[in-house]
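The values are calculated or read from the model by the stated rules, or taken from the named source; none is laboratory data. Model, not experiment: these values are computed from the prediction. Cβ atoms come from the backbone with ideal geometry, glycine included; neighbour counts cover every protein chain shown.
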Amino acid sequence: MLDLINVSKSYGEIQALSNIQLSIKTGEIVGIVGKSGSGKTTLLRLLNLMEQPSDGKILIDGINLQTLPKKAVRQQQQKMGMVFQNYNLLENLNVQDNIALPLKLVKEKKPTKVRELLNFVGMSHKAEVYPAQLSGGEKQRVSIARALIRDPKWLLCDEATSSLDEENTESIVRLLYKIHQEFRPTIFFVSHELETVKSLCHRILVMENGQLVGEFPNNPNQFLDEKLSYLEKVKRSLQS
Ligand code: ADP
C-alpha cells in the first residue's frame, strides 16, 4: 500500500505538485495522464525517491519514507524498476550486459536470471547485439528486462511507449501486462497517450497544473485479449 498525503513539490517559484492525495493498492496498475508540464514526471520522481516532497508525506505500508535512514531509502529504491521513454541503455554494452548492469552496481552476478529475462522479453536471439543495432521496440524490451533484474515490487514507466509506433506500443503494453500477471508488481504508467493507458491500467489519474484533477476506474482486459480480432477490439472500444 502506498499513500500520498497532501504531497506538494516546488522548485523555487514553480509549484510542480500541489496537495496530492492518493492511495495505491499493492499490485495495481495505475495510469497517470496529463498534458506536458502537468507534474507527471515529478510525481514519479517522488515515488522512486529521487526527490523529496516539499510538503506532505509519502507512506509505504504505513512507513513515512522521509523518516527512513539513507540505507533504508536505498533498499526501497532497489525495489523500484524504472522504464524511460528514451530507453537509457548504455551504447557500449551489449544487450545482456545492459540487462545485468544494475546487478554489477551491487557486485552481483546472476547469469541464469539474465538469460531467463532475455527469454521472457523475447530478446534471447540478440543477447550479444549492441543497442545501436536494435529497433525502438527492441530497445524498450531490453530496458524493461533491466528494470526487472532486481525483482522490483514497483515498476515506474515514464512515457515508455511514447517513442514507439502503434504496433510496438501494443507489444510493449502486452509485455507489461505479462509482467504483471507473472510477477504482480505495482505499475505506474505515465503517458500522454490516453488510449494506451486505457489498454493497460486499472485506474487512470488525470493531472493538470500539478494537481490531481480526476480519477477513473478502467477495465483494460478487453483490449489485451490477443484472440480478439481487430474489428472486435474496435467494437468493444466504442461500446466502453
Ligand atoms: P510532466 O511530466 O507532466 O511533463 P513535470 O513533472 O516534468 O511535468 O513538470 C511539472 C512542472 O515542474 C513544470 O512546470 C516543470 O517545468 C517544473 N519542473 C520539473 N522539474 C523541475 C526542476 N528540476 N526544476 C525546476 N522546475 C521543474
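Checked against the criterion of being at pLDDT 95 or above, within 15 Å of the ligand (Cβ to nearest atom), within 24 Å of GLU215 (Cα to Cα) and not in a helix (DSSP H, G or I), the candidates GLY31, GLY56 yield just one match: GLY31.
Scanning the range 1-28 for residues that are outside any strand (DSSP E or B) and among the charged types (D, E, K, R), which turns out farthest from the ligand (Cβ to nearest atom)? Write out each step before concluding.
To start, the set of residues in the range 1-28 that are outside any strand (DSSP E or B) comprises 1, 12-13, 25-28.
Now narrow it down to the ones that are among the charged types (D, E, K, R): 13, 25, 28.
Numbers: GLU13: 9, LYS25: 23, GLU28: 20 Å.
Once the filter is applied, the top-ranked residue is LYS25.
On the stretch given as the range 98-135, residues that are surrounded by fewer than 16 Cβ atoms within 10 Å (Cβ to Cβ) and either assigned to a helix (DSSP H, G or I) or at pLDDT below 95 (or both) total 17.
Look through ILE187, ILE149 and report the one residue that is at pLDDT 95 or above and in contact with a His (Cβ under 8 Å, 6 or more places away or on another chain). Spell out how you get there, then give the answer.
On the way: ILE149 fails: in contact with a His (Cβ under 8 Å, 6 or more places away or on another chain).
Exactly one residue qualifies, and that residue is ILE187.
Does LEU44 qualify as being closer than 26 Å to PRO152 by Cα, in contact with a helix residue (DSSP H, G or I) (Cβ under 9 Å, 6 or more places away or on another chain) and not in a loop (DSSP other than H, G, I, E, B)?
no
Kindly indicate whether SER36 is away from the ligand (no atom under 16 Å from the Cβ) and small (Gly, Ala, Ser). For SER36, the condition - away from the ligand (no atom under 16 Å from the Cβ) and small (Gly, Ala, Ser) - is not met.
Restricting attention to the range 184-218, report how many residues are within 15 Å of the ligand (Cβ to nearest atom), of a type outside the set (Gly, Ala, Ser) and not in a helix (DSSP H, G or I). Spell out how you get there, then give the answer.
So the first thing to find is which residues in the range 184-218 are within 15 Å of the ligand (Cβ to nearest atom), and the list is 188-194, 197, 204-214.
Applying the additional criterion that residues be of a type outside the set (Gly, Ala, Ser) yields 188-190, 192-194, 197, 204-209, 211-213.
Subset that is not in a helix (DSSP H, G or I): 188-190, 192-193, 204-209, 211-213.
Looking only at that region, the number is 14.
Restricting attention to the range 137-166, the residues being assigned to a helix (DSSP H, G or I) and either surrounded by fewer than 16 Cβ atoms within 10 Å (Cβ to Cβ) or in contact with a Lys or Arg (Cβ under 6 Å, 6 or more places away or on another chain) (or both) number 1. Every test in (1) away from the ligand (no atom under 16 Å from the Cβ); (2) within 23 Å of ILE187 (Cβ to Cβ); (3) of a type in the set (Ser, Thr, Tyr); (4) at pLDDT below 95 is passed by THR67 save one, and that test is (2). Considering only residues in the range 10-69 that are in contact with a Lys or Arg (Cβ under 6 Å, 6 or more places away or on another chain) and of a type outside the set (S, T, N, Q), the one that is surrounded by the fewest Cβ atoms within 10 Å (Cβ to Cβ) turns out to be GLY27.
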